[in-house]
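Rule-based calculations on the coordinates, nothing more; no lab input. What you see is a predicted model, and the numbers here were worked out from it, not measured in a lab. Here the Cβ positions follow ideal geometry from the backbone for every residue, glycine too, while neighbour counts run over all protein chains shown.
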Amino acid sequence: MNYPVHGAGLGLRRAFIRSLSDHPTECVNFWEIAPENWIGVGGYFGKKLHELTEKHPFICHGLSLSIGGTTPLDQAFLQKLKKFLHEHNIRYYSEHLSYCSDNGHLYDLMPIPFTEQAVHYVANRIKQVQEQLEQRIAIENVSYYAAPGQEMEEIDFLNAVLQEADCDLLLDVNNIYVNSVNHGYDAHTFLQRLPAERIAYIHIAGHYKEAEDLIIDTHGANVVDPVWQLLNSAYQHFGIIPTLLERDFNIPSLSELLKEVASIQTMQAKWQEENCEYHKRQD
């Protein structure tokens, strides 16, 4: 796949804007923002965003499209989004495979029932979004804690939506790990059943361990070893894929986050070195 960005990325928050000039950010190859937090923003922050998007590759990760919702897609928002993506030369757009509205915002990402009917419904809405935006988008595998009305396995549902919608995948490695613990499946087997040709980029994040069999996807802690190991498995199986660190709560200093981003780069460089050595031995 021709990836929209490369290397290691970080989610940009307004709190970082003022301190970016004080920190070397060479380890950040691309940035990600939620368009809902920036559309229509002017003044100091609007100016700074324009400066940053002119200098660096950016991706947008949506929060409110509610791709699995029962209400019609928000056409006004899609028009604003399309304009925003163009104005800032955004490399790519992704959204969650979930819904977050029901005659009003629910302020959470709710799971879509794993059914054939839902596959057709969601795939059709993704197609509508791609037509409106005039570009391919990626949908993200989400964490979930219950599966009401389940008729299919999560992996089969996800793959069916990707195939029917003909869209790409934002692979969230932490969500695979969280779901594997909460629902008792093998994370590595799940990973290997994903279509490599549809993976646009990867998310990793931290979580909160409520109990041995219950993990909450919080994006509020450092990435733990099992998630790093699963990311390494993704590289081993698919090759190097652009990978972004998410952090939404309990946010430490920018310098601390940059250390985790540098860890992504180190892992990518190690894989490339080992892979090159392997091919040299084969030649």
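Details
- Likely footprinting exposure, Tyr92, Tyr145, fewest C-beta neighbours within 10 Å first: Tyr145, Tyr92
- Full extension of the chain between Arg193 and Ile39 gives 51.8 nm of extra length, using 0.36 nm per residue less the Cα-Cα distance.
- Three principal axis lengths of the stretch 1-142 [C-alpha, angstrom, descending]: 51, 35, 26
- If you model the stretch 161-262 as an ellipsoid using its alpha carbon gyration tensor, with each semi-axis the square root of five times an eigenvalue, the axes come out at 23, 18, 12 Å, biggest first.
- Estimated translational D of the chain in µm²/s (Stokes, Kirkwood radius over Cα pairs; 37 °C; 0.692 mPa s): 168 µm²/s
- Estimated FRET transfer efficiency when R0 is 22 angstrom, pair Gln236-Tyr185 (beta carbons, to 0.05): 0.70
- Straight-line reach from Lys47: taking Cα to Cα under 27 Å and skipping same-chain neighbours fewer than 8 places apart, the lysines in range are Lys55, Lys80, Lys82, Lys83.
- Here r is the Cβ-Cβ distance between Asn124 and Ala76 and R0 is 22 Å; the resulting FRET efficiency, rounded to 0.05, is 0.65.
- Local net charge near Leu52, Cβ-Cβ under 14 Å (Lys/Arg +1, Asp/Glu -1): +3
- J(HN,Hα) series, the stretch 246-258, from Karplus relation 6.51 cos²θ - 1.76 cosθ + 1.60, nearest Hz, glycine and proline x: 9, 8, 10, 9, 6, 6, x, 5, 4, 4, 5, 5, 5
- Over the chain: helical MRE at 222 nm, DSSP H runs n ≥ 4 each giving -39500 (n - 2.57), nearest 500: -13500 deg cm²/dmol
- The string of couplings for the stretch 10-23 from the Karplus curve (6.51, -1.76, 1.60, θ = phi - 60°) is 9, x, 8, 10, 4, 4, 7, 3, 5, 9, 4, 5, 8, 10 Hz, one whole number per residue in order, with x for Gly and Pro.
- Close amide H contacts of Ile215 (hydrogens built in the peptide plane, cut-off under 5 Å, sequence separation of 5 or more or a different chain): Asn182, Glu210.
- Bridge type composition, the chain - antiparallel percent by DSSP, nearest 5: 15 percent
- Between Gln272 and Ala15, the modelled labels are 3.2 nm apart [label points 7 Å from Cα along Cα→Cβ].
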